[in-house]
Amino acid sequence: GALAPGYQGGFDDGFAVKLAADGDSLLYGTYLGGGADESSNGVAVDSAGNAYFTGYTGSVDFPTTPGALDTATTGADAYVVKLNPTGDALVYGTFLGGSQAEGGFAIALGDDGSAFITGRTDSPDFPVTPDAFETSYSFSSNDGFVAKLSPAGDALYYATYLGGNNEEEGRDVVVDEAGNAYITGATYSSDFPVTSDAFDPTCPSCSPYLSAFIAKLN
């Protein structure tokens, strides 16, 4: 009765499992993917027991739902899915990306059920929103991104790049009661956007070395 009880194809499939509270049985277990490669990288759970996942998919037939934000793919996108409490149906499933490759690394939930996703993108046409913090791709090999998806999975409340003139990726995100998103990740950019009174506003070692970042987005 799982959403996808059989292997879907490619070298790798994502998966989702719900383990009983005492750890002695599976309440559900399902594959999560299409005919090519997937990874499941981040999970969050709401008070009703719905599970939200993000990751990477290379599958044009990855399971999406009618009316979702993006039901077509170039074949290398991030995805966001909301799986019902019994693991046998998608509440929604959507791609998230542009014309190049993306991956979602982490997901968190707002009080209204909106999903906050962070990861990395290679796309100069990632679907950023008009008034976003950073609307232009840095033209490095990848930028970080942060997106806020509506509770129904059918619209972006916001989506923004997050990076400098070199490589970035967002690796984790949490959200406070006011809706601010806190992102941490990795950057090679000495011009990563920092605030003037930040703990460490300069990073002379960022290129060619990798450094961590922490950002709070309103």
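Summary table
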quantity: Answer residue from the range 73-87, given it is at pLDDT 95 or above and open to solvent by 20 Å² or more (accessible area, probe 1.4 Å) and is nearest to LEU26 (Cα to Cα) among those; calculated: THR86
quantity: Unmet criterion (only one of (1) open to solvent by less than 60 Å² (accessible area, probe 1.4 Å); (2) within 18 Å of LYS82 (Cα to Cα)) for TYR161; calculated: (2)
quantity: Output for the range 56-94, where each listed residue is on the phi > 0 side of the Ramachandran plot and either in contact with a Ser or Thr (Cβ under 6 Å, 6 or more places away or on another chain) or hydroxyl-bearing (Ser, Thr, Tyr) (or both); calculated: GLY87
quantity: Tally of residues being in contact (Cβ under 8 Å) with a residue 40 or more places away in the chain, within 30 Å of GLN100 (Cβ to Cβ) and more than 19 Å from the chain's Cα centre (by Cα) across the range 14-66; calculated: 1
quantity: Some residue of the range 122-144 being within 30 Å of VAL17 (Cα to Cα), under 17 Å from the mean Cα position of the chain (by Cα) and of a type in the set (Val, Ile, Thr); calculated: no
quantity: Within the range 63-72, tally of residues that are among the hydrophobic types (A, V, I, L, M, F, W, C) and open to solvent by 20 Å² or more (accessible area, probe 1.4 Å); calculated: 2
quantity: Tally of residues being under 15 Å from the mean Cα position of the chain (by Cα) and on the phi > 0 side of the Ramachandran plot across the range 146-184; calculated: 1
quantity: Residue that is farthest from GLY42 (Cα to Cα) [pool: residues in the range 167-190 that are in contact with a Cys (Cβ under 9 Å, 6 or more places away or on another chain) and open to solvent by 60 Å² or more (accessible area, probe 1.4 Å)]; calculated: SER190
quantity: Among the candidates THR118, THR74, THR135, residue that is farther than 26 Å from VAL194 by Cα and among the β-branched types (Val, Ile, Thr); calculated: THR74
quantity: Residues that are surrounded by fewer than 17 Cβ atoms within 10 Å (Cβ to Cβ) and small (Gly, Ala, Ser), drawn from the range 191-210; calculated: SER196, ALA198, SER205
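The values are calculated or read from the model by the stated rules, or taken from the named source; none is laboratory data. Everything numeric here is computed off the predicted structure, so don't read it as measured data. Cβ coordinates were reconstructed from backbone atoms using ideal geometry, including for glycine residues, and neighbour counts include every protein chain displayed. Calculation scope for accessible area: heavy atoms of the full protein, side chains included, ligands and nucleic acids excluded. Shrake-Rupley method; radii C 1.70, N 1.55, O 1.52, S 1.80 Å.
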